[in-house]
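Undergrad: Let me give you the structure first, and then I'll get to my questions.
What follows is calculated from the coordinates using simple rules that are stated; it is not laboratory data. Because the structure is a prediction, the values reported are computed rather than measured. With ideal geometry, Cβ positions are generated from the backbone for all residues, glycine too; neighbour counts draw on all protein chains shown.
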Amino acid sequence: MHYAINKSKEMNTSKKTLNLRLISFCFMLLISNACTSEGNNHKEHNHKHGNEQTGHQHKKQATQHKEEEKVAEISKKQMETVGITLAPLEYKALNESIRANGSLRLPNSHKAIISSMYAGKISQVLIHSGDKIQKNQVIAYIKSPEMIQLQEEYWQNKALHLLAEANYQRQEKLKKEGGVSEKKHQEAKAEHIKTKARHQALYSKLLQIGLNPNNLPEGQIQSKLAIRSDISGIVSQVYSPLGTYLEASVPIAEVIDNSGLHLELNVYEQDLAKIRLGQTIHFTLTNDPKQEYDATVYSIGSSFEKDSHTIVVHCKLERYEKHFIDGMNITGLVSAGSSKKQAVIPEEAIVHNNGKDFIYMLVEEKDEAHQGKEEHEDEGEHFDFKAVEVIRGQTELGYTALTFLEEMDKSAQFIQKGAFFVAAELSEPAGHHH
């Protein structure tokens, strides 16, 4: 009995020990799993953190590379919106130049004041200001009593002349036969000469007013006089409206032929020795100083103008523009001597920044947006520009001479207008270009 009780106590003790061991194992397993999970999480965190650091390094390297390139990428749409224009460098001789003022002038041989030789009332006006007309074109009709009287005199005198001519021929024949006195022969001859002279005078007067008697039926009289233009050109002004009664030589209209425009420069005495025939003159209109034109010296005046004490130099325009008008003021630039041509660019294309002068050169043109750059989501034509440092030289007529710090390709394209927009793009921090 005592043995059985002891045996039972031993079994209970053994079960308790096993349970304690099982509990301890489970606890250790849980701890192990927890440690393993923590270790895995730590590894994953380290791996992720390492990837983020690698990405930041790549972005930093790309940013540093872009800053070193100093390239601004501009879309075609931006260029059109801002008005950016490109062109190669031009080469001009700006040094040793003479500046002179002047104007576009039209010689009198290319101007015409249209009027009537006889007084009368305007019955028709066939032109307007600005019309292009040809020489001998009818511009108006007038009714003139004097013209009607002239035609009447012409036909009357023609009849008298025919009669006098027939009588003279008859007297000539009789004289040869001895059947007429010398006095009658002389009288017939004198009458013939007088009527002939009168006939020719009246005939010429009719031709001058545009009437050809040879084209008129015998004895017919025109009731209105056609007024014709003396030259081909543009009607600059119509002075007399319909129904106006005009005295002889009163202007009806003015016609000008601007193809005869030439340039007159007013050059001072001290600069005259630097002007020579055949020399090229660069000039701009006062109302459009950005557009330059060329002319060539063909005549140099030999006397001083009274008011300005200058000498007029006449120049032939290299080309005629439709907007050129007689009297337009100009500013001319004469290249004196044989100075060497230099690279020039419009003054507005130069940007002064941090004590230096820059112009902007096209580096590359792309048909699509760069691959791998999220900032260019839209596809389209893009242009890359970089700043090129230059030394600014003389400025004349809106152009500035340039000296480069390194050799430039003559075919390179540079911004002519809109340079400040590209300068602003380059000045922004990397990664913020639009």
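Undergrad: For residue 212, work out the one condition from (1) farther than 17 Å from residue 123 by Cα; (2) surrounded by 16 or more Cβ atoms within 10 Å (Cβ to Cβ); (3) in contact with a helix residue (DSSP H, G or I) (Cβ under 8 Å, 6 or more places away or on another chain) it doesn't fulfil.
TA: (2)
Undergrad: Yes or no: residue 202 without any contact (Cβ under 8 Å) to a residue 60 or more places away in the chain and buried (at least 16 other Cβ atoms within 10 Å of the Cβ)? Steps first, please.
TA: Working: without any contact (Cβ under 8 Å) to a residue 60 or more places away in the chain: yes; buried (at least 16 other Cβ atoms within 10 Å of the Cβ): yes.
Yes.
Undergrad: In segment 299-317, how many are in a loop (DSSP other than H, G, I, E, B), surrounded by 13 or more Cβ atoms within 10 Å (Cβ to Cβ) and not polar (S, T, N, Q)? Explain how you work it out, then say what you get.
TA: Initial filter on segment 299-317 (in a loop (DSSP other than H, G, I, E, B)): 305-310.
Then drop every residue that is not surrounded by 13 or more Cβ atoms within 10 Å (Cβ to Cβ), which leaves 310.
When the remaining residues are screened for being not polar (S, T, N, Q), the result is none.
Looking only at that region, the number is 0.
Undergrad: I've got another one for you. For segment 221-254, which residues satisfy the criterion of being touching a residue at least 40 places away in the same chain (Cβ under 8 Å) and hydroxyl-bearing (Ser, Thr, Tyr)?
TA: If the condition is that a residue be touching a residue at least 40 places away in the same chain (Cβ under 8 Å) and hydroxyl-bearing (Ser, Thr, Tyr), then 223, 229, 232, 236, 240, 244, 245, 249 are the ones that fit.
Undergrad: One residue is enough: does segment 179-194 have a residue meeting the conditions closer than 30 Å to residue 144 by Cα, over 60 Å from the mean Cα position of the chain (by Cα) and not hydrophobic (A, V, I, L, M, F, W, C)?
TA: Yes, that holds for at least one residue.
Undergrad: Please find, within segment 153-182, the residue that is nearest to residue 195 (Cα to Cα) out of those that are out of contact with any helix residue (DSSP H, G or I) (no Cβ under 6 Å at 6 or more places or on another chain) and of a type in the set (S, T, N, Q).
TA: 156
Undergrad: I've got another one for you. Consider segment 303-346. How many of its residues are polar (S, T, N, Q) and touching a strand residue (DSSP E or B) at 6+ places or on another chain (Cβ under 7 Å)?
TA: So the first thing to find is which residues in segment 303-346 are polar (S, T, N, Q), and the list is 303, 308, 310, 329, 331, 335, 338-339, 342.
Those left that are additionally touching a strand residue (DSSP E or B) at 6+ places or on another chain (Cβ under 7 Å): 308, 310, 329, 331, 335, 342.
Residues that pass the stated criteria total 6.
Undergrad: As an exercise: evaluate residue 129 against (1) in a loop (DSSP other than H, G, I, E, B); (2) touching a Lys or Arg at 6+ places or on another chain (Cβ under 8 Å) and give the number of the one condition it does not meet.
TA: (2)
Undergrad: Here is a further query. Would you call residue 80 over 28 Å from the mean Cα position of the chain (by Cα), of a type in the set (Asp, Glu) and either closer than 30 Å to residue 403 by Cβ or not in a strand (DSSP E or B) (or both)? Spell out how you get there, then give the answer.
TA: Numbers: over 28 Å from the mean Cα position of the chain (by Cα): no; of a type in the set (Asp, Glu): yes; either closer than 30 Å to residue 403 by Cβ or not in a strand (DSSP E or B) (or both): yes.
Criteria not met by residue 80.
Undergrad: Look at residue 307 and say whether it is without any contact (Cβ under 8 Å) to a residue 40 or more places away in the chain, acidic (Asp, Glu) and out of contact with any Cys (no Cβ under 7 Å at 6 or more places or on another chain).
TA: yes
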